Every structure is written in C-alpha cells, then in structure tokens.
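Scroll down for the structure; my scribbles are underneath it.
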Amino acid sequence: MEYPITRLRRLRRTESMRSLVRETHLEPGALIYPMFLCPGEGVRREVSSMPGVYNLSVDEAVKEAAAAAALGIGGLLLFGLPEKKDEEASGAWSEDGIVQQALRTLKNDRALDKLLLIADVCLCEYTSHGHCGIVKKTGDNFEVDNDSSVDLIARAAVTLAQAGADIVAPSDMMDGRVAGIRDELDVAGLEQTPILSYASKFSSAFYGPFREAADSAPQFGDRRSYQMDGANLREAMREIELDLAEGADMILMKPAMPYLDVILAARERFDVPIGAYQVSGEYSMMQAAFARGWLEPKRAMLESLISIRRAGAGFIVTYFAKEAAQALA
C-alpha cells in the first residue's frame with residue numbers, strides 16, 4: 001500500500017507539536033469580565049440562572065476586580081442595578097449612579113491599574129418599564145423614541161467617562177447614538193475616551209438570564225423594534241458601517257456563538273478592533289450541561305471561546321473569564 005507524502009497527523013502527535021502549529025490562541029488579556037453592581041455593603045447575591053455570577057455591592061466588586069487583575073484578565077464590563085427606577089432612567093446618568101460610584105472606587109485602587117474599565121451605556125436597567133430608551137405610549141401601543149433616548153444615553157456616557165470609565169460601550173441600538181455620544185464627550189473635554197459600540201446587537205432568546213442579573217426585563221412588549229432581526233447579516237454590516245462613520249473606535253458583536261458568521265463577515269470587511277459577547281444564555285446552557293455531567297466543563301468552555309476567537313473576535317466578553325484565565329495559566 002502506498003502512503004501519501006503529506007501526513008497531516010504528523011503535526012498532531014504531541015501537545016508540544018499541537019501547540020507549536022496552533023493557529024488560534026486564547027490569552028487572559030483578551031477576556032473581559034462582566035460585573036453587575038448593586039447598592040449596599042457586603043452584598044454578594046448569586047444570580048439563580050447564572051451559577052457563579054453575582055450581584056455585587058461596590059466593596060465586593062473591588063474584591064472581584066482584584067481577583068480578575070491577579071489572573072491577568074484584560075478588563076471589566078460594568079452594569080448597574082439602581083436603588084430606584086423611573087421613566088427617564090435617571091440612575092444611568094446621575095453623577096452618583098451605582099456604576100459611577102464603582103468607577104471612582106475602582107480607579108482609586110492602584111492595584112487595579114492594568115484592568116480596563118468598560119462602562120455599558122444603556123437605559124434598560126434604570127427605566128421603570130425596562131426598555132432601552134424613553135417610551136411614548138398611546139393606549140396599548142408604545143414606541144421607544146429614538147432621539148430623546150440618544151440625548152440621555154449621551155449624557156450617561158459623559159458621566160461614566162468623568163467617573164473613570166476607560167471605554168464607554170453603548171448597547172441600546174438607537175440610531176445615531178454613537179455620533180451623539182462622541183459629540184457630548186468631545187464637548188466635555190473627553191475626546192480621548194474611546195467608544196466600543198455594540199454595533200450589531202441582535203434581538204435574541206439568549207439574553208434571558210441577563211435580564212434576571214440586571215433586573216432589566218421589559219414590563220411590556222419586547223425590544224424587536226430596535227434590536228436587530230437575527231436573520232439579517234447584510235443589515236448588520238450596514239449598522240457597523242454607520243457606527244464607524246459616526247466615530248466608533250471598536251465594535252462588539254452580540255450574541256457570539258449563534259452569530260459566528262456575523263463576526264467572521266465583520267472581520268473580513270472592517271479593519272477595526274472587534275470583540276464579541278458570549279452572552280448569558282450561552283453561559284447558562286453550558287452551566288446546566290456541566291451540572292448534569294453532559295459536558296466536560298474546562299474543555300467545553302475553552303472550545304466555545306476558541307470558536308469565537310477563530311471567527312475573528314480579538315477580545316471576548318464572557319462570564320467564564322476567571323475560569324478561562326485559570327485554565328490558561
């Protein structure tokens with residue numbers, strides 16, 4: 001029997017050989033760890049649908065941030081649960097908002113200097129109705145008003161940057177929000193603050209556990225009139241192109257695993273830093289399988305992250321950040 005000259009298995013024989021020729025790599029510095037901040041002191045409340053994820057008071061968040069920094073994780077993505085909610089999301093843009101408080105505290109801790117602090121900019125956690133903007137209702141009908149929402153979103157971005165955010169990340173999907181934020185940041189003398197735009201954020205069933213963690217479920221209707229239709233790849237490219245034209249410095253794709261083709265298409269088309277968000281539903285369904293012994297936790301976790309990286313994401317927002325960093329050490 002004649003054997004081929006080329007035997008691809010030659011380069012798979014040992015771990016050292018596989019490591020040498022590996023095309024896609026993960027490192028802790030490319031991982032971003034989401035944290036949910038809440039009022040109080042000594043609060044560490046586990047999210048029932050997301051094992052290992054907690055609502056944290058600021059003092060507990062500092063401890064969690066220190067653990068992330070020690071593992072070499074690249075940064076934190078901060079979300080807030082305010083003491084009270086209202087129709088204008090005042091907790092989002094208040095100078096004393098929960099995320100603003102946390103940013104000032106984290107920035108003052110020199111041990112955390114290497115951690116990038118990324119502030120999510122949206123209104124859904126802060127509105128009494130749970131939508132990502134100002135709602136106008138007529139009888140049983142409602143509409144999220146785009147332009148008045150952008151005004152508040154831009155205002156929130158400024159207060160977050162003033163409090164110490166290294167990067168602001170609008171996730172609302174209002175038209176023109178990047179331009180609105182860029183204008184307000186520049187007027188406030190914050191022209192060096194980058195914008196990480198959730199440029200293609202799809203309306204997805206995979207956000208369910210997040211809405212428990214952030215207490216942000218809509219009280220009526222849904223978000224399909226502003227988040228993207230999951231069937232539309234070409235529209236996602238238009239959204240990204242518009243956000244970049246408005247001044248976005250980086251883009252974030254969300255969700256990740258169900259939309260790997262979108263990440264790949266963006267990577268091939270746009271020469272800017274691209275990240276992806278491995279969202280709550282992706283995390284929770286794997287945790288459920290781990291708990292039942294259906295999947296090997298470490299291997300499945302790393303394989304899922306490699307797939308996102310291989311598709312073209314330069315960095316990944318993931319609730320597995322700490323576990324993945326430990327596994328990669």
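The values are calculated or read from the model by the stated rules, or taken from the named source; none is laboratory data. Since the structure is predicted, the reported quantities are computational estimates derived from the model, not experimental observations. Here the Cβ is made from the backbone with ideal geometry for all residues, glycine too, and neighbour counts use every protein chain on show. In case anyone asks, the SASA skips ligands and DNA or RNA and just uses the protein heavy atoms, side chains included. Shrake-Rupley method; radii C 1.70, N 1.55, O 1.52, S 1.80 Å.
Exactly one residue out of L152, L123 is open to solvent by 10 Å² or more (accessible area, probe 1.4 Å), in contact with a helix residue (DSSP H, G or I) (Cβ under 7 Å, 6 or more places away or on another chain), farther than 30 Å from A325 by Cα and not charged (D, E, K, R), and it is L152. Scanning the range 230-243 for residues that are open to solvent by 30 Å² or more (accessible area, probe 1.4 Å) and either under 16 Å from D172 (Cα atoms) or assigned to a loop (DSSP other than H, G, I, E, B) (or both) gives G230, A231, N232, E239, L242.
The number of residues in the range 167-191 that are touching a residue at least 24 places away in the same chain (Cβ under 8 Å) and not in a loop (DSSP other than H, G, I, E, B) comes to 13. Of the residues making up the range 1-49, those that are open to solvent by less than 80 Å² (accessible area, probe 1.4 Å) and either in contact with a strand residue (DSSP E or B) (Cβ under 7 Å, 6 or more places away or on another chain) or of a type in the set (G, A, S) (or both) number 16. Looking across the range 197-207, the residues that are buried (at least 17 other Cβ atoms within 10 Å of the Cβ) and hydrophobic (A, V, I, L, M, F, W, C) come down to A199, F202, F206. For the range 208-229, the tally of residues that are on the phi < 0 side of the Ramachandran plot, over 18 Å from the mean Cα position of the chain (by Cα) and either acidic (D, E) or open to solvent by 40 Å² or more (accessible area, probe 1.4 Å) (or both) stands at 6. Selection over the range 62-80 of residues that are closer than 30 Å to G130 by Cβ, of a type in the set (A, V, I, L, M) and free of Cβ contacts under 8 Å to residues at least 40 places away in the same chain gives a count of 0.
Inside the range 51-68, can you point out the residues that are within 10 Å of K322 (Cα to Cα) and buried (at least 19 other Cβ atoms within 10 Å of the Cβ)? A68 - this is the single residue of the range 51-68 that is within 10 Å of K322 (Cα to Cα) and buried (at least 19 other Cβ atoms within 10 Å of the Cβ). Residues considered: M253, M301. Of these, the only one that is assigned to a helix (DSSP H, G or I), among the aliphatic types (A, V, I, L, M) and within 30 Å of R22 (Cα to Cα) is M301. Residue count for the range 275-308, restricted to those that are surrounded by fewer than 22 Cβ atoms within 10 Å (Cβ to Cβ) and either of a type in the set (K, R) or within 21 Å of L116 (Cα to Cα) (or both): 3. S148 meets all of the listed conditions (1) part of a strand (DSSP E or B); (2) without any contact (Cβ under 8 Å) to a residue 24 or more places away in the chain but one, namely (1). Suppose we keep only residues that are of a type in the set (A, V, I, L, M) and part of a helix (DSSP H, G or I) within the range 81-115. Which one would you say is most open to solvent (accessible area, probe 1.4 Å)? Ranking the candidates gives A111 first. Somewhere in the range 208-228, is a residue at pLDDT 95 or above, in contact with a strand residue (DSSP E or B) (Cβ under 7 Å, 6 or more places away or on another chain) and under 21 Å from A157 (Cβ atoms)? Taking every residue of the range 208-228 in turn, none turns out to be at pLDDT 95 or above, in contact with a strand residue (DSSP E or B) (Cβ under 7 Å, 6 or more places away or on another chain) and under 21 Å from A157 (Cβ atoms).
Among the strands (runs of 3 or more DSSP E) confined to the range 1-61, the ones with at least 2 residues that are touching a residue at least 12 places away in the same chain (Cβ under 8 Å) are located at 31-37, 54-56. For I263, indicate whether it is without any contact (Cβ under 8 Å) to a residue 60 or more places away in the chain and either under 15 Å from Y33 (Cβ atoms) or of a type outside the set (D, E, K, R) (or both). It is true that I263 is without any contact (Cβ under 8 Å) to a residue 60 or more places away in the chain and either under 15 Å from Y33 (Cβ atoms) or of a type outside the set (D, E, K, R) (or both).
D261 satisfies every condition listed in (1) part of a helix (DSSP H, G or I); (2) of a type in the set (D, E, K, R); (3) touching a Cys at 6+ places or on another chain (Cβ under 7 Å) except (3).
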